[in-house]
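Some notes on the structure that comes next.
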Amino acid sequence: METLLEVTDVDNTTTTITNNEMINVNELIYIRDKIENMSKYNQINILGILKNYPEITLNENNYGIHINLSDVKRNVITALLDYIKYVYEQENELLSIEQQKEDYKNVYFVKDNKDNSKVVV
């Protein structure tokens, strides 16, 4: 079986989702949890992905938009997993860059690290 997504979360739990026509409940729970924890911007992008599939019914009420994931086909699940993977990789890259920025800031711009010697011209 081909692995569609393998993610290790912050708490070091690894989730692996394979390319199997049967969609299991754990996959759906994983997708639901990830989407619910995304920023509003990313949730709107998920909605945009789902709107590309006319067979998906979107139910809207005062609390938001609800989708019955148990009725969707594998290709939709794959599209959602691809986007979740993209967001996860993007967040990791941004965290890495922010950490690197903080390291540079601490090394080069901390008051105690300044070179106190005077330059004579």
Problem set entry | FRET E, pair LEU95, ILE49, Förster distance 25 Å, beta-carbon r, rounded to 0.05 | 0.55
For this session: With a point put 7 Å past each Cα toward its Cβ, work out how far ASN75 is from PHE109 in nm, to one decimal.
Result: 4.9 nm
Seminar exercise, completed: Over 25 Å (Cα to Cα) among LYS34/LYS73; LYS34/LYS105; LYS40/LYS105; LYS34/LYS101 -> LYS34/LYS105; LYS40/LYS105; LYS34/LYS101
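Computed from the coordinates by the stated procedures, all read-outs in this text should not be read as laboratory data. Not measured: the values here are computed from a predicted model. Here Cβ is always computed from backbone atoms with ideal geometry, including for glycine, and neighbour counts include all displayed protein chains.
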